[in-house]
Amino acid sequence: MNADAALKQFEDYLEHEKRYSKHTLSAYKRDINQFNTWLISQACPSILTTDSLHIRNWIAQLHRQGIGGKTLQRKLSSLRSFFQFHVRNHQLKNNPAIDIRAPKSARTLPDTLDADTLTQLLEIPDDNILAIRDRTIMELFYSSGLRLSELVSLNIDNIDLDESLLRVTGKGDKTRILPIGSKAIDALKRWLNNRNTIASTDEPALFVSKRGTRISTRSVQQRLNYWRKKQGLEQHIHPHKLRHSFASHILESSGNLRAVQELLGHADISTTQIYTHLDFQHLAKVYDDAHPRARKKKG
């Protein structure tokens, strides 16, 4: 089996059995093709005949080029999945990437917005339908901690206004039920009362563009940036920052890491644990400001 056939077989598995998104499929394909191109430059006959030394050398070269640890970890994850698939199908005897780890990089904390900044952002006058839509989008991001892809894929029937709940399909095609806050419910009601004036007939999407069809991820990003400038905020704002703010504020108030994990749809709690660092920073600041033996003497 040549490299193209091996990759096609793996792609079909990810798409039809694992049901990964197009974005995830593209990332896997890009990583494996990049490695295969490098192997050709090293005169390796096939990706199916490579060994761990080839993989280590490739990762080391990328690291010397300045590629960060997180990206290298993703590339190794793609390779491990690819080789493991072919081991299970008896096309390989072992997985050459199984014990290789990427160099660690400093873990950056998620960037969040404080409550006052969020209030300033969300105080948008409902003087036109796009403003109503955009405010609803931002309220829902912050209310329920949605990913950008989850928000744009919402349909009207995913929302239960009576129960203040929404059903969202996240990574790995996993569905979760999330609460909707009262401010977001009010915004949703206003939007749904006006949505049909621009939505195309039989369009199921909750949020639509001026053309009446499902809004794109790019449009949402552009509209958030528009309102950030309109509301006089210097801090850059993107959808994931609203999700980070949701998570850190919930954890700060409740201290319940497992609940935050469920709300965010994280498969592994280690992904959620980064928010405990944010919470510790908050507690440390409170301590520094309040404890008599922590406060610096005034000059």
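Listed by first and then second residue, the pairs with beta-carbon distance under 7 Å, at least 6 apart or on different chains, first residue in region 239-256 and of a type in the set (Gly, Ala, Ser), second at pLDDT 80 or above, are Ser245/Leu118; Ser245/Tyr142; Ala247/Gly145. Scanning region 173-185 for residues that are in contact (Cβ under 8 Å) with a residue 40 or more places away in the chain and in a helix (DSSP H, G or I) yields a total of 3. The C-beta contact set for region 73-98 (first residue not assigned by TED's automatic domain parsing to the domain that holds Thr50 and part of a helix (DSSP H, G or I), second residue surrounded by fewer than 16 Cβ atoms within 10 Å (Cβ to Cβ) and small (Gly, Ala, Ser), distance under 8 angstrom, 6+ apart or interchain) is empty. The numbered conditions (1) assigned to a helix (DSSP H, G or I); (2) of a type in the set (Val, Ile, Thr); (3) surrounded by fewer than 16 Cβ atoms within 10 Å (Cβ to Cβ) are all true for Ile55 except (3). Considered as a group, the residues in region 198-232 that are of a type in the set (Ser, Thr, Tyr) and part of a loop (DSSP other than H, G, I, E, B) include one that is nearest to Leu130 (Cα to Cα), and that residue is Ser209. When region 187-200 is filtered for residues that are surrounded by fewer than 19 Cβ atoms within 10 Å (Cβ to Cβ) and touching a residue at least 24 places away in the same chain (Cβ under 8 Å), the ones remaining, listed by number, are Lys189, Arg190, Leu192, Asn194, Thr197, Ile198. Whenever a residue of region 119-134 is more than 13 Å from Lys230 (Cα to Cα) and in the same structural domain as Gly181 (by TED's automatic domain parsing), its partners that are of a type outside the set (Val, Ile, Thr) and assigned to a loop (DSSP other than H, G, I, E, B), lying with C-beta atoms within less than 7 angstrom and at least six residues away or across chains, give the pairs Ile132/Asp126; Arg133/Phe207.
The values are calculated or read from the model by the stated rules, or taken from the named source; none is laboratory data. In this text, all values refer to a predicted model and were calculated from it rather than measured experimentally. Cβ atoms come from the backbone with ideal geometry, glycine included; neighbour counts cover every protein chain shown.
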